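Encoded as structure tokens, the structure appears first; notes follow it.
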Protein chains: 2
Amino acid sequence: MKKFINQIDDMLVESLSGFAAAHKDLISLHLDPNYVTRIQKSRQKVALISGGGSGHEPMHTGFIGHGMLDAACPGHVFTSPTPDQMLAAAEAVENGMGVLFIVKNYAGDVMNFEMAAEMLSCAHATVTTCDDVAVENSTWTTGRRGVAGTVIVEKCVGALAETGADLATCKAFGDKVNRHTASMGVALTSCTVPAAGRPTFELAPDELEMGVGIHGEPGRRREPMRQADAIVADLVGAILHDLQPQNGQEILLLVNGFTGTPLMELYVLYHAAAKLLEQQGMKISRSLVGDYVTSLEMAGASITVCLLDDEIRQHWDAPVHTAALRWGR
Amino acid sequence: MKKFINQIDDMLVESLSGFAAAHKDLISLHLDPNYVTRIQKSRQKVALISGGGSGHEPMHTGFIGHGMLDAACPGHVFTSPTPDQMLAAAEAVENGMGVLFIVKNYAGDVMNFEMAAEMLSCAHATVTTCDDVAVENSTWTTGRRGVAGTVIVEKCVGALAETGADLATCKAFGDKVNRHTASMGVALTSCTVPAAGRPTFELAPDELEMGVGIHGEPGRRREPMRQADAIVADLVGAILHDLQPQNGQEILLLVNGFTGTPLMELYVLYHAAAKLLEQQGMKISRSLVGDYVTSLEMAGASITVCLLDDEIRQHWDAPVHTAALRWGR
């Protein structure tokens, strides 16, 4: 295992400390329990808090800032954060309008955020993302996994919360964006969890894992390597089968890298996906290409489609100022 | 070789087409000869044009837009673009104040940009970047290589050009930023050039290449894998030896990933580098962490330090609106 680390046990805190130092204009790091907040308490608004295992950066710490999250709770690599982190984060950022947790659907995350919610004294609600159409249940979930579509949920609900919308409205909108969003991924290599020291799974030099999860969970099938167009056809086919969009539907297309795939190849995937989606009658009006929800050093990518309407488009376009997403101001 | 491609010969055009489709609000793609320009011709200003082999994305196409480049000429993977591309790009974006080429110091790039410059009928000048302190000459260069510091040169000169500064002023400032900037990289894995189909070099599971070039050129030495702090100490030591900064010097710190290194590890490197630089009396006032000058799927990273003064800081901070760098408007 070759990684840029010192001691495995120190990796998370050193990485968070580097993040905090590089972005001290935006965020503030609190240790023990570990959570990251906006540098300045927001004006009165619903407080958006997310979190999950580390190893998926920039999610979620990279999405803290104006127009997106108020705080994030990073667990150890691929390990849920604990309720004390969520409670401390809520205490730090809540300011009278309640807390909305945004949680990817993994058993550990769901359980820990539920425990935190039960202990919260303020108003609270939870949006659970489950955009991965690859498998219905998986190693770590009951029901579908939350993957790259989570970025779109956090961005859009973040924008709505900035308008002063109340907790119930933010919760309902988050659920709606999640319902409008579907993703599927493919891995060309495994990742290696530092504490394990060896690849999570083995793929032959000519194999890919279709429908892989962002922790390396098995997908739909393992199959021989194919050309980009054929891989994309299967991903897009599964997504459209799930979303059942109407002809002429306006969409946001996200091509998300897991880390080890060159940007040059992500744009090859975007080209293939856009061509296919347009052939299927979709109108791509918004795009995002890059590494947003990663899986340590895994080579691979996912495709996400979000069905846009006026409300979702407006909140996607609204200003955002975070370490990893920034536009409009 | 597992890559998201269809036919190797189509990879570049498909990737550029995907880039153009995803960023049609910013840039425009021209094929045969291949070049990318801002979607709208700028108001009168020096036209900044860069280019080089592909496989380093987002450099250079990702840096086209307000406050940075006017055009970029992508060659095939790790292969210089040709003079006809540069001439066509210059024709498209020059508007009376001349053309400034920004060229990384590699023999093929330098020769082809020189040939284009000789054929240009408008005023022109060239800034050649050579920030890599690892080796004096290398496989592909006479003199030092241009690597991640090129981003800082393109950003700062791009901001100056927007103010209406003349060609000679932009050229002199570009040379100054280059002189103020030093970089060094380290590889944990090789990359694989698609047309070659096998890794450019071999590294054992416990080895790293210290001082690697962005095409996988040899560096200073191959050595056993070490902890992040020790690796960073060597990189920072070489950079400071070259720059000879004064105590209390204000700097910009760039930690650049080559693709295959998780963002979580890049922040571990940032943490280590910042700690060391501050111990050495440096004052880090600006930071950038991410994949900006990549080497296909290579796992590895580089550290770049730029010595700031009022002029460089001002132009670094100025608004930029490109696919890969965006702030301030």
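The values are calculated or read from the model by the stated rules, or taken from the named source; none is laboratory data. No experiment lies behind these values; they were computed from the predicted model shown. We place every Cβ from the backbone using ideal geometry, glycine too, and count neighbours over all the protein chains shown. Each accessible area value is taken on the protein alone, full model and side chains, heavy atoms only, with ligands, DNA and RNA left out. Shrake-Rupley method; radii C 1.70, N 1.55, O 1.52, S 1.80 Å.
General observations
- B:Gly149 crowded, with 18+ Cβ neighbours inside 10 Å and either in contact with an Asp or Glu (Cβ under 7 Å, 6 or more places away or on another chain) or assigned by TED's automatic domain parsing to the domain that holds B:Leu308 (or both): yes
- Given (1) assigned to a loop (DSSP other than H, G, I, E, B); (2) more than 28 Å from B:Val193 (Cβ to Cβ), index of the condition A:Ala204 fails: (2)
- In region A:290-308, residue most open to solvent (accessible area, probe 1.4 Å) [restricted to those that are over 14 Å from the mean Cα position of the chain (by Cα) and more than 21 Å from A:Ala233 (Cα to Cα)]: A:Glu297
- Test: residue in region A:46-54 that is within 9 Å of chain B (Cβ to nearest Cβ), under 19 Å from the mean Cα position of the chain (by Cα) and either of a type outside the set (S, T, N, Q) or over 21 Å from A:Gly108 (Cα atoms) (or both): no
- Conditions (1) within 14 Å of chain A (Cβ to nearest Cβ); (2) surrounded by fewer than 22 Cβ atoms within 10 Å (Cβ to Cβ); number of the one not met by B:Val77: (2)
- Residues of region A:113-135 satisfying the condition of being under 18 Å from the mean Cα position of the chain (by Cα) and not hydrophobic (A, V, I, L, M, F, W, C): A:Thr126, A:Thr128, A:Thr129, A:Asp131, A:Asp132
- Some residue of region B:298-311 being of a type in the set (D, E, K, R) and within 14 Å of chain A (Cβ to nearest Cβ): no
- Residue match in region B:55-66 (condition: in contact with a Gly (Cβ under 9 Å, 6 or more places away or on another chain), without any contact (Cβ under 8 Å) to a residue 60 or more places away in the chain and buried (at least 21 other Cβ atoms within 10 Å of the Cβ)): no
- Residues that are free of Cβ contacts under 8 Å to residues at least 24 places away in the same chain and within 13 Å of chain A (Cβ to nearest Cβ) were ranked within region B:230-271; the one that is farthest from the chain's Cα centre (by Cα) is B:Ala230.
- Contact annotation: no residue pair with Cβ atoms under 7 Å, 6 or more positions apart or on different chains, pairs a residue in region A:2-27 that is farther than 14 Å from A:Glu57 by Cβ and more than 8 Å from every other protein chain (Cβ to nearest Cβ) with a partner that is among the charged types (D, E, K, R) and open to solvent by less than 60 Å² (accessible area, probe 1.4 Å).
- One residue from A:Val157, A:Val135, A:Val193 being in contact with a Phe, Trp or Tyr (Cβ under 9 Å, 6 or more places away or on another chain), over 25 Å from B:Met1 (Cβ atoms) and either open to solvent by 10 Å² or more (accessible area, probe 1.4 Å) or without any contact (Cβ under 8 Å) to a residue 40 or more places away in the chain (or both): A:Val193
- Extreme residue, farthest from the other protein chains (Cβ to nearest Cβ), among residues of region A:312-329 that are surrounded by fewer than 20 Cβ atoms within 10 Å (Cβ to Cβ) and over 30 Å from A:Asp229 (Cβ atoms): A:Gln314
- Conditions (1) crowded, with 24+ Cβ neighbours inside 10 Å; (2) in a helix (DSSP H, G or I); number of the one not met by A:Thr169: (1)
- Against the numbered list (1) buried (at least 24 other Cβ atoms within 10 Å of the Cβ); (2) assigned to a loop (DSSP other than H, G, I, E, B), B:Arg43 comes up short only at (1).
- Taken over region B:272-281, the residue count meeting the criterion of being more than 10 Å from every other protein chain (Cβ to nearest Cβ) and either without any contact (Cβ under 8 Å) to a residue 40 or more places away in the chain or within 22 Å of B:Val212 (Cα to Cα) (or both) is 4.
- A:Ser287 being in the same structural domain as A:Asp234 (by TED's automatic domain parsing), under 25 Å from A:His56 (Cβ atoms) and either in contact with a Cys (Cβ under 6 Å, 6 or more places away or on another chain) or among the acidic types (Asp, Glu) (or both): no
- In the set (1) open to solvent by less than 30 Å² (accessible area, probe 1.4 Å); (2) assigned to a strand (DSSP E or B), the condition left unmet by A:Ser28 is number (1).
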